[in-house]
Amino acid sequence: MRVGRRRKALIAVTGVLALLLAACGNSGAAGDVTVTSFVTAGPESSPATSVPAASSPAASSSAAPSSSAASTQSGDGTVQEGVAMPSGFVPKKLQPGEKPPQFIVVSFDGVGWHEKWQHWFDVGTKVPFHFTGFLSGTYMLSDETKMAYQGPGHSPGNSSINWNSATDLPIEIKDLNQAYAEGNEIGTHFNGHFCAGAEPSGNQWSTADWNNELDQFYSMIANVKANNPGVQMDTLAFDPKQEVRGERTPCLEGKAEELFPALVDHGITYDSSFTKTGISWPKQSQQYKIWQFGMATFPINGTGKQQITMDYNFYYTQRGADSKGVTPEQSAADSEQVYQTYNDMFNATWNGNRAPLVLGNHFNAWNNNAYEDALTKFVLEKCGQPDVQCVPFRDVLAWMSVQDPDRLAQLQAQAPETGSGG
């Protein structure tokens, strides 16, 4: 049995730095907080709650994707209509008058916590659910080997998030291999997680800096065994240069004009950092043709407050990113509000433009596990319903690529669903 794994909290200054970072976002929404990926969270002092009870479809509705390379498409960017993706999702062209499926795209930043990997794998055995894990490269090194990394403008071995431990690193490799084998997607969350307050951060980085950061990300994954001599671990089951096609920047920082050329240089085809008002169909950036899957701002249920719909943002709004003294009853109420916000978003798009729901998250236990509980409840309820597809970003891109260009343009021309009318 693997022992329980505890990520150390990112020093005891998260709340203070969150306040410092409150103005660092790119959404333009007044009063919003975009410190959405400041910490890869470990367990808090309060215990995590259990998975909410939910009626789920029969196990046969969540068939495991085929492991045969001949029967599923690879992650190299080529797509064939009617051929299953690694998740089992089959991209098909819309017929005249047919509505798009309702895509729900769940992602997690950092993905360095074994128990949380296993929680979401377990959810995928109950309903047809696959997700994207944006991996932080620091988890490919340990406290003993951290000097192999030097972030742009920083000293060697410096990082705003934790390194792995030599004992946990093999577990992380097993989790990554399981994620890949089960048809989930691996993207990049870059490495040292340098945000405002730990300058130079992404907002100050040049294209050369982003290229350097990505070069090191791919190298740390490809050379994880060589970089950690004496640590016995499985061989990583995938080639990161072939499989990693998307990214989210730490704290949603960065300037597109500096970041996007580096993405092109590394074969990365989509970004999920730059937020937007309302829920709308992804479009490509005009110059670099990077698909933009930014998270939406949308009203929190029961309020008129627009905010980025990511777990940390909910946490900051509801509790100031501090769980001290919060009762289980208060956390349950917070969780219900987030769950109802997800329902509001779903209903808006289901009855409207059918744009993908992009739900950004972390592996966390914040607020007595309120945000994991809300997302779990939502996923168990919605995934597997007719015309609903809970798939990684990669699969949505594959679906869009097989559509008639004029039909796709019609979808993209629809107004965003902002929730302002309901």
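ASP322 - would you say it is charged (D, E, K, R) and crowded, with 21+ Cβ neighbours inside 10 Å?
On the way: charged (D, E, K, R): yes; crowded, with 21+ Cβ neighbours inside 10 Å: no.
So ASP322 does not fit the description; no.
Determine the pairs where a residue that is farther than 18 Å from GLN102 by Cα and hydrophobic (A, V, I, L, M, F, W, C), located within region 275-304, has a partner that is open to solvent by less than 20 Å² (accessible area, probe 1.4 Å) and assigned to a loop (DSSP other than H, G, I, E, B) with Cβ atoms under 6 Å apart, the partner being 6 or more residues away or on another chain.
TRP291/PRO282
Which members of region 261-300 meet the condition of being open to solvent by 50 Å² or more (accessible area, probe 1.4 Å), more than 30 Å from SER160 (Cα to Cα) and in a loop (DSSP other than H, G, I, E, B)?
Of everything in region 261-300, those that are open to solvent by 50 Å² or more (accessible area, probe 1.4 Å), more than 30 Å from SER160 (Cα to Cα) and in a loop (DSSP other than H, G, I, E, B) turn out to be GLN286, GLN287, LYS289.
In region 114-151, how many are part of a loop (DSSP other than H, G, I, E, B) and open to solvent by less than 10 Å² (accessible area, probe 1.4 Å)? It would help to see each step written out before you state the result.
Kept after step one, since they are part of a loop (DSSP other than H, G, I, E, B), are these residues of region 114-151: 127-128, 130-131, 136, 141, 143-145, 149-151.
In the following step, the residues that additionally are open to solvent by less than 10 Å² (accessible area, probe 1.4 Å) were identified as 127, 131, 136, 141, 149, 151.
Within region 114-151, residues that are part of a loop (DSSP other than H, G, I, E, B) and open to solvent by less than 10 Å² (accessible area, probe 1.4 Å) number 6.
Which of the following residues is outside any strand (DSSP E or B), open to solvent by 10 Å² or more (accessible area, probe 1.4 Å) and modelled with pLDDT of 95 or more: ASN353, ASN368?
Working: ASN353 fails: open to solvent by 10 Å² or more (accessible area, probe 1.4 Å).
Unique residue meeting the criteria: ASN368.
List pairs: first residue in region 323-344 and under 12 Å from ASN367 (Cα atoms) and in a loop (DSSP other than H, G, I, E, B), second residue open to solvent by less than 50 Å² (accessible area, probe 1.4 Å) and modelled with pLDDT under 95 anywhere in the structure, Cβ distance under 6 angstrom, at least six positions apart or on different chains.
SER323/GLU44
If only one of GLU253, GLU258, GLU247 is open to solvent by 20 Å² or more (accessible area, probe 1.4 Å), touching a Ser or Thr at 6+ places or on another chain (Cβ under 7 Å) and either at pLDDT 95 or above or of a type in the set (Phe, Trp, Tyr) (or both), which one is it? Write out each step before concluding.
On the way: GLU253 fails: open to solvent by 20 Å² or more (accessible area, probe 1.4 Å); GLU247 fails: open to solvent by 20 Å² or more (accessible area, probe 1.4 Å).
Exactly one of GLU253, GLU258, GLU247 is open to solvent by 20 Å² or more (accessible area, probe 1.4 Å), touching a Ser or Thr at 6+ places or on another chain (Cβ under 7 Å) and either at pLDDT 95 or above or of a type in the set (Phe, Trp, Tyr) (or both), namely GLU258.
Of all residues being assigned to a loop (DSSP other than H, G, I, E, B) and aromatic (Phe, Trp, Tyr) in region 162-203, which is nearest to LEU263 (Cα to Cα)? Just the residue, please. First the steps, then the outcome.
First, the residues of region 162-203 that are assigned to a loop (DSSP other than H, G, I, E, B): 162-163, 165-168, 182-184, 189-201.
Cutting the leftovers down to aromatic (Phe, Trp, Tyr) gives us 163, 190, 194.
Numbers: TRP163: 25, PHE190: 12, PHE194: 18 Å.
The residue in question is PHE190.
Check off (1) of a type in the set (Val, Ile, Thr); (2) touching a residue at least 60 places away in the same chain (Cβ under 8 Å); (3) open to solvent by 10 Å² or more (accessible area, probe 1.4 Å) for ILE221 and give me the number that stays unchecked.
For ILE221, the failing item is (3).
The values are calculated or read from the model by the stated rules, or taken from the named source; none is laboratory data. Here the structure is a predicted model, which means the values were calculated and not measured. Cβ sites come from the backbone with ideal geometry, for glycine too, and all protein chains shown count toward neighbours. Just so you know, the surface numbers come from the protein's heavy atoms only, side chains and all, with ligands and any DNA or RNA stripped out. Shrake-Rupley method; radii C 1.70, N 1.55, O 1.52, S 1.80 Å.
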